[in-house]
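Remarks on the structure that follows.
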Amino acid sequence: MIHHHDVIIIGGGLTGLRAALQIKDAGLDGAVISKVHPLRSHSVAAQGGMNASLGNVEGEGGVKDSWKNHAYDTVKGSDYLADQDAVELMCREAPRTVIELEHMGTVWSRLENGKIAQRPFGGAGFPRTCYAADRTGHNALHTLYENMVGREIPVYEEFYLTSLVIDEGRCVGCTALDIMTGEVHGFQARAVLLATGGFGRIYDRSTNALINTGEGASLALEAGAQLKDMEFVQFHPTTLYGTNILITEGARGEGGILLNKDEKRFMEGYAPRTRDLAARDVISRAMEQEIAEGRAYPGGYLYLDLRHLGPDKIRERLPGIRQIAMDFAGVDPIEEKIPVQPGQHYSMGGVDVGMGGATSIPGLYAAGECACISVHGANRLGGNSLLETVVFGRLVADKIIEDVSSINFTEEGPIKTAMINMDIKIGDILGREEGENLFQIREAMTRTMSQGFGILREKQEMQESLQEIKKLQKQLPRVSLQNSKRELNQALVRFLELEGMLLLSEAVARSAIAREESRGSHFRTDYPGRDDVKFLKHTLIDLKDDEMRVSYKPVKLGMFELEERVY
Ligand SMILES: Cc1cc2nc3c(=O)[nH]c(=O)nc-3n(C[C@H](O)[C@H](O)[C@H](O)COP(=O)(O)OP(=O)(O)OC[C@H]3O[C@@H](n4cnc5c(N)ncnc54)[C@H](O)[C@@H]3O)c2cc1C
C-alpha cells in the first residue's frame with residue numbers, strides 16, 4: 001500500500017511532534033511514523049529539565065541571566081566545537097519556547113511568586129533549567145501529544161522505517177514495515193523529516209530506551225547523506241549502578257554530592273569551583289579516575305548523597321528519582337546514599353544538517369538528537385537537548401513549509417521499486433533456517449563499543465575494536481532469526497536495527513580514531529590535550545561503495561573567543 005502526505009515525519013518524540021503541529025498549522029498534510037506509540041518515545045524519560053534564560057532566579061551577586069550567558073555556557077561546554085550561529089539561535093529562542101509549551105499545557109514547577117522555577121545544572125553559570133519536578137519530558141511530551149490528537153494529525157504507530165527513497169538525487173518518501181502485519185508500506189512525500197532520536201544502544205551501559213538504535217542516522221548515511229561528529233558520545237556521571245537508569249543531574253542541581261569510598265567529596269579535587277556541577281564529561285572522567293585508582297566500591301561504583309536535602313525537598317523536587325532508587329536499587333535516598341556509575345547517555349553526533357535542518361539530500365531534513373546542527377559540539381550541557389528538540393522541531397518545520405511550496409509529488413515508480421526490494425530483503429532474512437545468533441552479535445557489539453570507545457580512549461584498543469565491529473558486520477548476513485513469521489516479528493525488527501547499529505558503530509570508531517586530540521567527551525589517553533590547530537573542525541563520515549570515508553569541515557566561530565576550558 002502506498003500512502004501520500006505532504007510531509008512524512010519519522011519519530012514521535014518531542015522533535016517529531018513539535019514539527020507535526022507546525023506543519024498542520026501551516027495547512028499542510030503531515031503524518032508521523034513511529035516504531036512505538038509516540039508517548040513511549042525516549043523524550044518521555046527526560047527528567048531534569050529544559051534550559052532558558054528566563055532570569056526568574058538570580059545568579060550569584062543578584063545578576064540576571066541572559067541568552068548571551070546561556071550561549072557562552074553552551075559554547076564553553078561544547079569545548080568550542082559547537083557552531084556559534086546555531087547556538088545563538090537556540091539560546092535566543094529558548095525563553096519563548098518554554099512559554100509556548102506552558103501555553104500549550106505543560107505544567108512547569110513554580111517558585112513561591114508563581115513564576116516558572118529554574119534550578120542549577122551542570123556547566124551552567126546561572127540557575128537556568130526549567131522543570132516539571134523530575135518528570136519534565138513526560139510532561140512536555142504529553143502536552144504535545146494531546147495537541148496533536150486535538151488536531152487529528154495521522155500517526156502510523158508501530159511502523160518501522162526501513163529505507164529512504166531517493167529519486168534523481170531527491171528524497172521522495174520512504175518505506176516502513178507495519179510491525180503488526182509484517183507488510184511493507186510505501187510513503188510518498190514532498191519532504192521527509194528525520195526525528196528518530198539517538199543511538200545510545202550501541203553501548204552496553206546506557207540510560208537510553210531500548211528503541212534508541214539510530215535508524216534515522218544509519219539510513220540517511222546509506223541514502224547518501226553525511227554524519228557529523230560521531231566520535232562525541234556523552235557519558236552521564238550518575239546512572240544507577242546495575243541497571244544504568246538515569247539519576248538526573250537535577251539531583252546535584254538541588255544540592256546532591258558525589259562521594260568516594262573514603263566518604264570524600266572527590267569533585268573538589270577535579271573542579272574546585274563548580275565541583276559536582278562541572279560539565280558531564282569532566283565529572284565522568286573524574287569518576288573513571290576514582291574507580292581506576294581504587295577509591296570506588298568493588299564492582300566500580302561511587303555514591304550520590306541526597307540525604308542532607310531533607311525529606312520534603314526530595315519528595316517535592318525529585319519524586320521520580322526516589323521511586324527509581326527504591327524500585328531498582330532498594331535504596332530510599334531520604335535515608336541512604338544512591339550507588340552510581342557513569343553510563344552512555346547522549347549522541348552529540350548525527351546527521352549533518354545546516355541551520356534550517358536540511359541534509360545534503362534535497363527533500364530530506366533532520367532535527368533533534370538524530371541530527372547534528374551543531375549546538376552541542378563535543379559535549380552537551382544538561383537541559384539543552386529538550387530545548388533543541390522543541391526549538392528546532394519548530395524551526396525545521398518552518399523551513400520545510402517554505403521549501404515544499406515549490407515541490408510537487410512525482411510518480412510512484414521509485415516508491416514501488418523500494419517496496420519490492422525491501423520485501424525481497426525481508427523474505428530472504430526470514431527464509432534462513434540455520435545460522436548465527438542475532439543477540440550474541442548485538443551483545444558483542446555493545447561490549448566492544450564500551451571497551452574501545454568509552455570515556456577513555458587509546459589508539460590500539462580503538463583499532464582492535466574497529467576490527468571486531470567489522471567482523472560482526474560480516475557475521476550479520478549469516479544470522480537466522482528462528483522465526484519466519486511476518487506478523488509481529490520482533491526478532492526481525494531487532495535484526496534491522498542491528499544492521500544500522502553496526503554501521504553507526506563503525507562511524508563512531510573511524511571518527512574517534514582519526515581525531516588525535518582530546519576535546520569534550522572524546523578523551524584520548526595518547527593525546528590528552530586539545531589541539532585547536534589541527535582539530536578545531538567537524539568530522540564528517542560518508543559511505544560510498546560500502547567504504548566509509550572521513551573528512552572534515554570548519555567550525556563556525558562567532559562572538560566567543562577560544563579559551564581553555566576550566567570549571
Ligand atoms: C533518561 C534520559 C533523561 C534525559 N533527560 C534530559 C533532560 O532532563 N533534559 C534534556 O535537555 N535532555 C534530556 N535527555 C535527552 C533528551 O531527552 C533527548 O535527547 C530528546 O528527548 C530526544 O528527542 P527526539 O525527539 O530527538 O527523539 P526521541 O524522543 O528519542 O524520539 C525518537 C522517535 O523516533 C522514532 N523512531 C526511531 N527509529 C525509528 C524507526 N526506524 N522507524 C520509525 N520510528 C522510529 C521512535 O519511535 C520515537 O518516536 C534525557 C535523555 C535520557 C535518555
Checked Lys35, Lys76, Lys68, Lys64 against criteria (near the ligand (Cβ under 8 Å from one of its atoms) and farther than 22 Å from Asn139 by Cβ); the one match is Lys35
Counting only strands (runs of 3 or more DSSP E) entirely within the range 160-243, those with at least 2 residues that are within 18 Å of Leu498 (Cα to Cα) and either acidic (Asp, Glu) or more than 13 Å from the ligand (Cβ to nearest atom) (or both) are none
Checked pairs for the range 461-480, first more than 11 Å from Ala509 (Cβ to Cβ) and in the same structural domain as Leu430 (by TED's automatic domain parsing), second open to solvent by less than 80 Å² (accessible area, probe 1.4 Å) and not in a helix (DSSP H, G or I), C-beta under 6 Å and 6 or more apart or across chains, list as Gln475/Glu436; Arg478/Gly435; Arg478/Glu436; Val479/Gly435; Val479/Glu436; Ser480/Arg432; Ser480/Gly435
Boolean, Val57 is open to solvent by 10 Å² or more (accessible area, probe 1.4 Å) and β-branched (Val, Ile, Thr): yes
Tell me yes or no: at least one residue of the range 538-548 is open to solvent by 10 Å² or more (accessible area, probe 1.4 Å) and part of a loop (DSSP other than H, G, I, E, B).
yes
Pro333 fails exactly one of (1) at positive phi; (2) at pLDDT 95 or above, namely (1)
Quiz item: within 21 Å of Asp25 (Cβ to Cβ) and more than 10 Å from the ligand (Cβ to nearest atom): does that describe Val375?
Solution: no
Checking Ile424, Ile407, Ile469 in turn, the sole residue that is open to solvent by less than 40 Å² (accessible area, probe 1.4 Å) and in a helix (DSSP H, G or I) turns out to be Ile469
Leu194 passes all but one of the listed conditions (1) open to solvent by 20 Å² or more (accessible area, probe 1.4 Å); (2) over 27 Å from Pro311 (Cβ atoms); the exception is number (1)
Original post:
For the range 290-310, does any single residue satisfy the condition of being in contact with an Asp or Glu (Cβ under 7 Å, 6 or more places away or on another chain), within 15 Å of the ligand (Cβ to nearest atom) and open to solvent by less than 10 Å² (accessible area, probe 1.4 Å)?
Top reply: no
Restricting attention to the range 20-65, the residues that are touching a Cys at 6+ places or on another chain (Cβ under 9 Å) and either at pLDDT below 95 or closer than 22 Å to Glu249 by Cα (or both) number exactly 7
Exactly one of Ala94, Ala19, Ala86 is over 30 Å from Val184 (Cα atoms), within 15 Å of the ligand (Cβ to nearest atom) and open to solvent by less than 40 Å² (accessible area, probe 1.4 Å), and that one is Ala94
Residue hits (the range 129-154; crowded, with 21+ Cβ neighbours inside 10 Å, aliphatic (A, V, I, L, M) and on the phi < 0 side of the Ramachandran plot) are Ala132, Ala140, Leu141, Leu144, Met148
The condition of being without any contact (Cβ under 8 Å) to a residue 24 or more places away in the chain and under 30 Å from Leu430 (Cβ atoms) holds, among Lys534, Lys544, only for Lys544
Residue pairs within 6 Å by beta carbon, gap of at least six or interchain, first lying in the range 105-117 and without any contact (Cβ under 8 Å) to a residue 40 or more places away in the chain, second assigned to a strand (DSSP E or B) and open to solvent by less than 50 Å² (accessible area, probe 1.4 Å), listed first then second, are Trp108/Ile116; Trp108/Cys130
The condition of being touching a residue at least 24 places away in the same chain (Cβ under 8 Å) and open to solvent by 10 Å² or more (accessible area, probe 1.4 Å) holds, among Ile338, Ile401, only for Ile401
Ile429 vs. criteria under 30 Å from Thr15 (Cα atoms) and open to solvent by less than 90 Å² (accessible area, probe 1.4 Å): no
Scanning the range 312-346 residue by residue, those more than 15 Å from the ligand (Cβ to nearest atom), in contact with a helix residue (DSSP H, G or I) (Cβ under 8 Å, 6 or more places away or on another chain) and more than 20 Å from Lys261 (Cβ to Cβ) turn out to be Ile314, Arg315, Arg322, Asp332, Ile334
Filtering the range 14-42 down to residues that are in contact with a strand residue (DSSP E or B) (Cβ under 8 Å, 6 or more places away or on another chain) and under 20 Å from Ile211 (Cα atoms) yields Gly16, Leu17, Val32, Ile33, Ser34, Lys35, Val36, His37, Pro38, Ser41
Of the residues in the range 181-233, those that are closer than 30 Å to Val340 by Cα and hydroxyl-bearing (Ser, Thr, Tyr) come to Thr196, Tyr203, Ser206, Thr207, Thr213
Leu504 passes all but one of the listed conditions (1) buried (at least 23 other Cβ atoms within 10 Å of the Cβ); (2) touching an Asp or Glu at 6+ places or on another chain (Cβ under 6 Å); the exception is number (2)
- Query: Gly294: free of Cβ contacts under 8 Å to residues at least 40 places away in the same chain, closer than 30 Å to Cys171 by Cα and assigned to a loop (DSSP other than H, G, I, E, B), yes or no?
  - Reply: no
Restricting the range 341-396 to residues that are small (Gly, Ala, Ser) and open to solvent by 10 Å² or more (accessible area, probe 1.4 Å), the one nearest to the chain's Cα centre (by Cα) turns out to be Ser385
In the set Gln482, Gln440, the lone residue that is open to solvent by 10 Å² or more (accessible area, probe 1.4 Å), farther than 30 Å from Ser551 by Cβ, outside any helix (DSSP H, G or I) and among the polar types (S, T, N, Q) is Gln482
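The values are calculated or read from the model by the stated rules, or taken from the named source; none is laboratory data. Everything quoted here is computed from the prediction, not taken from an experiment. Glycine also receives a Cβ, built like all others from the backbone with ideal geometry; neighbour counts cover every protein chain displayed. What goes into the accessible areas is simple: the full protein's heavy atoms, side chains included, and nothing from ligands, DNA or RNA. Shrake-Rupley method; radii C 1.70, N 1.55, O 1.52, S 1.80 Å.
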